[in-house]
Amino acid sequence: QVQLVESGGGLVQAGGSLRLSCAASGIISGIRTMGWYRQAPGNQRDFVATITSGISTNYADSVKGRFTISRDNAKNTVYLQMNSLKPEDTAVYYCNVLQWANNYWGQGTQVTVSS
């Protein structure tokens with residue numbers, strides 16, 4: 001089992017920045033892809049960004065050029081640096097880890113961007 005603890009959410013004005021962190025613990029061998037998803041009220045959970053163990057990254061079109069995903073394998077932690085935030089980025093952000101064939105989710109952290 002993998003446990004995920006997220007941090008770094010909060011309230012920020014449009015144009016501002018936030019950095020999310022997600023630390024994995026427990027049985028962490030075999031973790032391949034780490035990533036972030038988000039869910040706004042009334043919407044489905046959407047893909048934001050992923051990073052593989054080989055440090056290959058992938059981003060949703062809506063965040064390209066503004067968000068940067070990175071990971072520290074020594075700390076089993078994935079980060080999401082969010083710049084130039086927009087009100088439409090407001091959502092609960094969830095960390096996701098793919099370990100072998102299993103998906104694990106964090107509890108979510110709220111990001112609110114005011115206009």
In the stretch 15-42, which residues are open to solvent by 50 Å² or more (accessible area, probe 1.4 Å) and hydrophobic (A, V, I, L, M, F, W, C)? Ile27, Ile28
Tell me the residue from Thr68, Thr109 that is under 14 Å from Glu6 (Cβ atoms) and under 12 Å from the mean Cα position of the chain (by Cα), please. Thr109
Restricting attention to the stretch 50-65, the residues that are under 23 Å from Glu88 (Cα atoms) and either open to solvent by 30 Å² or more (accessible area, probe 1.4 Å) or modelled with pLDDT under 95 (or both) number exactly 7
Mind listing whichever residues of the stretch 82-101 are within 19 Å of Gly54 (Cα to Cα), open to solvent by 40 Å² or more (accessible area, probe 1.4 Å) and in contact (Cβ under 8 Å) with a residue 60 or more places away in the chain? Leu98, Trp100
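The values are calculated or read from the model by the stated rules, or taken from the named source; none is laboratory data. Predicted model, so just to flag it, every value in this text is computed and none were measured. Glycine gets a Cβ as well: all are built from the backbone with ideal geometry, and neighbour counts include every protein chain shown. SASA here: full protein model, heavy atoms, side chains in, ligands and nucleic acids out. Shrake-Rupley method; radii C 1.70, N 1.55, O 1.52, S 1.80 Å.
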